[in-house]
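The block underneath contains the structure these notes are about, expressed in structure tokens.
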Amino acid sequence: MKVALRYLVRNRRRTLLTLLAVLIPVYFLVFMFGFANANLRDMFETATRFDTGHAQIRAVPTKATGAAIPLMRDPSDALAALAEVKGIEWRTVRLDLPALASVGDRSRAVHVQGVVPEEIGPVSALADRIIAGSSLTAGEGGVLVGEELAHLLGVEVGDEVVLLGAHPETALGAIREPVIGVYRAPEATLGRTVVYADLATARQLARSEVAATAIVIRVAGVASPRDQTTLNRVVRELRAALPAGYEVKDWTELVPMVATYMGILTPALAIVAGIFFALGGLVVLNTIYLSVLERTRELGLILSLGASRGRVVKMILAEAGVLAVVGALGGALTGVALILVVEAFGGIPLWGAAAEFMREMGMSSVLHLSADPGQVALAAGAMAAVAVLAAWWPARRASRLEPMEAMRYVD
Amino acid sequence: MSTSAVMRTEDLWKIYRTGTAETPALRGVDLEIEEREFTATAGPSGSGKSTLLHLLGGLDRPTGGEIYLDGQPMSDLSKDKLAQLRLTRIGFVFQAYNLLPVLTVLENTAFVLELQGVPYRERLRRARAILAELGVEKYADQFPNRLSGGEQQRVAVARAVVSDPAIVLADEPTANLDTKTSLDLIDLMRRMNEEHNTTFLFATHDMRLLDRVDRVIYLEDGRIARDERVR
């Protein structure tokens with residue numbers, strides 16, 4: 001090891017180059033993973049907190065309902081079964097109805113979502129997204145419209161909207177409700193179509209006092225897509241506990257586009273990581289090979305003095321190992337440090353078209369970064385392993401030198 | 001055959017092949033090196049001195065014939081076994097590029113002991129002792145590039161004898177040294193030979209060194225031309 005370290009000190013420039021070849025990929029990967037983590041978490045949060053929940057209990061469709069969610073005429077038995085399942089952090093009953101919103105001569109096809117305001121409060125960001133008027137209050141009536149829909153219908157807070165319920169499993173219902181608030185949706189499509197109402201108000205549209213379309217649940221201990229195993233376990237238990245006529249859909253089924261994006265992102269990251277590892281490994285291979293070539297005579301001397309081939313391999317691998325460990329640690333630490341600095345300043349705000357695009361996609365226009373210790377360790381460990389592996393060939397070559405030929409080597 | 005022979009060769013041949021051309025470097029060399037002998041092999045350039053030493057030291061394989069070290073044939077040994085033999089039974093002094101530049105004089109001297117697995121303190125103690133005997137202890141903590149050629153060769157001799165090998169093979173150890181330094185080095189090797197009973201065989205083309213040895217083996221065109229007892 002001492003010989004290995006001395007060679008590293010002697011060839012400072014090459015040592016630095018090799019260190020950077022290990023450090024830079026790890027640094028970028030930690031940063032990239034950090035961005036992807038925060039991005040995934042953001043998408044997951046947007047999808048599950050604001051709208052979908054981690055999973056929903058729905059009625060099994062008995063007839064074609066088109067885009068409408070099948071109606072649960074009385075979900076009390078499902079609620080009773082749900083109460084028996086452990087791990088449910090939160091639940092609320094919701095009624096989603098296709099409807100027509102009319103104001104004067106303007107009308108738009110909308111989606112009325114009847115919610116229990118005091119239940120969605122702790123988990124929904126709806127109250128925080130109100131940009132005019134106020135949020136819903138249980139039993140008070142009134143509706144919330146997105147700023148896009150308000151613009152399309154030409155309504156402001158205080159104006160009345162006529163809603164015509166059009167669920168295929170209910171009789172037509174009609175209500176006239178005041179706009180009590182305008183919200184800013186995370187995604188423009190939602191802002192154009194979703195009208196929020198108190199559950200009791202929405203039930204008037206369905207002409208039923210107990211109907212619902214979903215029981216939305218959040219599961220304890222599920223904070224990101226990586227907690228899917230926990231979610232799957234609870235969903236399994238829930239499916240077993242529910243009476244016939246109900247089904248459970250988790251978020252991957254409810255928002256398949258988000259799940260698909262996440263599914264694509266992981267292998268894409270793996271491919272990028274693979275490219276980084278390969279490039280880093282090639283640089284390490286090259287520098288170690290050059291270093292072996294440069295001291296062919298010295299290696300010849302070591303071999304002629306009686307060092308075994310294994311000893312020479314160990315010596316070269318020790319050099320590579322030191323560089324790999326120091327480089328990988330350096331990359332991990334600088335990567336994590338950068339993430340912490342960026343987050344200390346509140347993330348990276350986007351502006352202009354990029355910010356608008358992110359909002360359209362339902363994502364935050366501030367890029368956040370989040371370091372996952374497991375991923376940091378994986379990136380650093382994998383790169384270190386690749387670096388040592390890359391040194392294997394030059395090490396093997398060094399060990400197979402003929403002592404006398406090597407000592408006669410002229411570079 | 002003498003029972004006290006450390007090394008013995010039988011009809012030793014070495015032919016270098018380049019394409020279809022064959023260049024014999026050794027042509028049927030038979031010799032015995034006795035224990036505690038201080039022997040030189042002399043001859044003009046290309047006579048086969050270095051080749052003979054490399055074969056005896058297991059650094060190269062003969063084309064024909066056999067080499068015996070302590071009565072054991074070397075031709076059947078694998079590369080790893082040969083390396084082990086070099087490590088434990090043979091000391092080397094080379095003409096140039098002798099010392100590892102990244103190690104201090106002390107570390108260079110102790111390097112062979114380190115390869116042998118001698119504990120740290122013990123190997124440093126032995127290395128210091130031999131450096132002191134050879135008069136270069138004061139350079140123990142310096143790197144080789146701070147030493148003169150003669151001092152570097154003294155350190156190389158120290159490294160060669162520190163592990164008490166059966167034989168020390170020195171290939172033109174004085175080739176890069178001036179006359180006085182060369183004579184000093186040979187005297188030093190002679191002292192090691194006498195005080196430690198170490199067997200030495202060195203190659204030289206410097207005839208001025210030959211009156212300091214027990215025996216001179218003259219090589220010409222890969223054959224032993226004369227084998228003379230000087231003392």
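The values are calculated or read from the model by the stated rules, or taken from the named source; none is laboratory data. Only a predicted model underlies this, so the values are computations on that prediction, with no experimental measurement involved. Cβ atoms come from the backbone with ideal geometry, glycine included; neighbour counts cover every protein chain shown. These accessible areas exclude ligands, DNA and RNA; they are computed on the full protein's heavy atoms, side chains included. Shrake-Rupley method; radii C 1.70, N 1.55, O 1.52, S 1.80 Å.
Give me the accessible area per residue for the protein assembly as shown, probe 1.4 Å, as a whole number in Å².
I get 45 Å² per residue for the protein assembly as shown.
Considering only C-alpha atoms, what is the centroid distance from the range A:210-240 to the range B:125-165, in Å?
If we compute the Cα centre of each part, the gap is 76 Å.
Report the one residue of B:Asn98, B:Gly58, B:Pro144 whose Cα lies farthest in the direction of the positive end of the charge dipole of the range B:52-166 (charges on C-beta: Lys and Arg +1, Asp and Glu -1; origin at the Cα centre).
B:Pro144
How about the range A:308-345: which of its residues lose at least 30 Å² of accessible area in the presence of all protein chains relative to their chain isolated, using a 1.4 Å probe?
A:Arg309, A:Arg311
Quick one: Karplus J couplings for the range B:32-40, per residue in order, coefficients 6.51, -1.76, 1.60, θ = phi - 60°, nearest Hz, x for Gly and Pro?
10, 10, 7, 4, 6, 6, 10, 10, 10
Give the residue from B:Thr39, A:Gly104, A:Val325 lying farthest towards the positive end of the charge dipole for the protein assembly as shown; charges sit on Cβ (+1 for Lys and Arg, -1 for Asp and Glu) and the dipole is referred to the Cα centre.
B:Thr39
Out of residues 5 or more away from B:Gly28 or on other chains, whose amide H comes under 5 Å of its own, with H placed 1.01 Å from N in the peptide plane?
Residues meeting the criterion, in which the H sits 1.01 Å from N, are B:Leu12, B:Trp13, B:Lys14.
Show me you know the interface measure: the accessible area buried between B and A, both chains summed, probe 1.4 Å, in Å² to the nearest 100.
Between B and A, the summed buried area is about 2300 Å².
As a test question: what accessible area, to the nearest 10 Å², does B:Thr63 have when a 1.4 Å probe is rolled over all protein chains in place?
Accessible surface of B:Thr63 is approximately 60 Å².
Strictly greater than 17 Å: what percent of every Cα pair in the range A:89-218 meets that?
52 percent
Might you report the magnitude of the Cβ-based charge dipole of the protein assembly as shown about its Cα centre, with Lys and Arg at +1 and Asp and Glu at -1, to the nearest 20 debye? Show your work: numbers first, answer last.
Numbers: 68 positive and 73 negative charges, 281 e Å.
Computed charge dipole of the protein assembly as shown: roughly 1340 debye.
In the protein assembly as shown, if every C-alpha pair distance is counted and binned at 20 Å from zero, what percent goes to each bin?
Taking every Cα pair in the protein assembly as shown, the percentages come to 16, 30, 17, 15, 15, 7, 0.
How are the C-alpha pair distances of chain B spread across 10 Å bins, as whole percents from the shortest bin up?
Here the calculated profile for chain B is 8, 33, 36, 19, 3, 0.
How far is the Cα center of the range A:104-122 from the Cα center of the range A:298-361, in Å?
The distance from the Cα centre of the range A:104-122 to that of the range A:298-361 comes to 51 Å.
Of A:Ala273, A:Ala387, A:Ala83, whose Cα points farthest to the positive end of the dipole of the protein assembly as shown (charges on the beta-carbon: +1 Lys, Arg; -1 Asp, Glu; origin at the Cα centre)?
Of the candidates, A:Ala387 comes out farthest on the positive side.
Quick check on the range B:1-97: take the gyration tensor over C-alpha atoms, sort the square-rooted eigenvalues as a ≥ b ≥ c, and tell me if it's rounded (a/c under 1.5), prolate or oblate. The partial results should precede the final answer.
Working: a/c = 1.40, a/b = 1.31, b/c = 1.07.
The shape class here is rounded.
Would you grab the residues whose amide H sits under 5 Å from the one on A:Leu367? Only those 5+ places off in sequence or on another chain, please, with H modelled 1.01 Å from N.
Close amide H contacts, sequence-distant or interchain: A:Ile348, A:Leu350.
Over all distinct Cα pairs, what is the inverse of the mean 1/r for the range A:299-411, reported as the Kirkwood hydrodynamic radius in Å?
When all Cα pairs of the range A:299-411 are included, the Kirkwood radius is 17.8 Å.
Might you report the magnitude of the Cβ-based charge dipole of the range A:89-218 about its Cα centre, with Lys and Arg at +1 and Asp and Glu at -1, to the nearest 20 debye?
260 debye
Relative to the longest principal Cα axis of chain A, at what angle does helix A:309-344 sit, 0 to 90 degrees, rounded to 10?
30 degrees
Can you list the residues, at least 5 places off or on another chain, whose amide H is less than 5 Å from the amide H of B:Glu34, using H built in the peptide plane?
B:Val6
Please give the FRET efficiency for A:Ala244 paired with A:Arg10, using the beta carbon to beta carbon distance and R0 = 51 Å, rounded to the nearest 0.05.
0.10
From the backbone phi of the range B:137-142, what are the Karplus-calculated ³J(HN,Hα) couplings (6.51 cos²θ - 1.76 cosθ + 1.60, θ = phi - 60°) in whole Hz, Gly and Pro given as x?
4, 5, 9, 3, 9, 9
Between A:Ala171 and A:Asp77, how many nm apart are label points set 7 Å from Cα along the C-beta direction?
2.5 nm
Can you give me the % of accessible surface on the range B:5-229 that is carbon or sulfur? Probe 1.4 Å, all protein chains present, nothing else counted.
44 percent
Keeping all protein chains in the complex and leaving out DNA, RNA and ligands, what accessible area do you get for A:Phe277 with a 1.4 Å probe, in Å² to the nearest 10?
Approximately 40 Å² for this residue.
How much of A:Trp251 can a 1.4 Å solvent probe reach, expressed as accessible area in Å² and rounded to 10?
In the full protein context, A:Trp251 sits at about 10 Å².
Hey, what number do you get for chain B at 222 nm if only DSSP H runs of n ≥ 4 count, each worth -39500 (n - 2.57), divided across all residues, to the nearest 500?
-10500 deg cm²/dmol
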